[in-house]
Amino acid sequence: MIIVKSESDLLKMRASGKLVATVRDTVAAEIRPGVTTAELADYAHELIEKAGATNAFFGYRGFPGKVCISVNDAVVHGIPDDRRITMGDIVSLDVGLVLDGFVGDTATTVMVGVTDPDVMRLVRVTEDALQAGISAARVGGRLTDISSAVQKTAEKAGFSVVRDFVGHGIGRNMHEDPQVPNFGQPGKGAVLRQGMTLAIEPMVNMGRAAVTIEDDNWTVVTEDGSFSAHCEHMIAIRDGEAEILTRGEGA
Ligand code: MG
């Protein structure tokens, strides 16, 4: 069942979205050569707790990390550890929290001294795919209008979208109905209504779409070893343009 949020619930989601965007951007600004992914995760956790929120990822279904940090060929769900970031890395940072009963969930991919034009293009196209998905999220439209817009943007650029992991409805729970795939024909699935809240999160691979899970049982990596980028916004369906709840101050 898809939960349509009331205006008072949307106010709370706006607050959780704003906070999680601030944590994302504050930690993203610290991603530089030499820092470990565990240090970044600890910083995110500290910011979440200082703000009076709860970390939504830490311990979620047994996830051992405080945020998900997925570097280079890692797609999503990377576990922070003592790996040091180096020049040329792309780093997906995915943060989740609960504030006043509502979840905030957002991700960005940061380039660290990247000079390879194809890698730069991968990250930009992934951001473009997210924006295309958001633009396709219209009252009266259908869920897969979003999926199709994401897929077309990624594939037109010669990249592929991951099919094994998808975006999701969000609210009092991190994963609510409906699932939001990053692929598919438009015009299918739920009719979009004002007050639905969705997390749209393209995962775009430079090579093939296939992924596999590492021995840690969490980290999703591309099967062919190609780089993968990931970004995520939480949106509320509105009359006209959808409202981006995790836009952040800088964007
Ligand atoms: Mg998510």
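The values are calculated or read from the model by the stated rules, or taken from the named source; none is laboratory data. Here the structure is a predicted model, which is why all the values come from computation and not from measurement. Glycine gets a Cβ as well: all are built from the backbone with ideal geometry, and neighbour counts include every protein chain shown.
The set of residues in segment 175-216 being part of a loop (DSSP other than H, G, I, E, B), touching a helix residue (DSSP H, G or I) at 6+ places or on another chain (Cβ under 7 Å) and within 16 Å of the ligand (Cβ to nearest atom) consists of Pro181, Asn182, Pro202.
Among the residues of segment 194-201, at least one is surrounded by fewer than 23 Cβ atoms within 10 Å (Cβ to Cβ) and not small (Gly, Ala, Ser).
Identify all residues within segment 11-63 that are assigned to a loop (DSSP other than H, G, I, E, B), under 16 Å from Ile90 (Cα atoms) and touching a residue at least 24 places away in the same chain (Cβ under 8 Å); write none if there are none. Scanning segment 11-63 gives Ile31, Arg32, Pro33, Gly34, Val35.
Here Gly171 fulfils each of the conditions (1) touching a Ser or Thr at 6+ places or on another chain (Cβ under 7 Å); (2) within 18 Å of Val125 (Cβ to Cβ); (3) within 16 Å of the ligand (Cβ to nearest atom); (4) not β-branched (Val, Ile, Thr) apart from (2). None of Asp25, Asp42, Asp9 is acidic (Asp, Glu), closer than 19 Å to Gly248 by Cα and either crowded, with 23+ Cβ neighbours inside 10 Å or modelled with pLDDT of 95 or more (or both) except Asp25.
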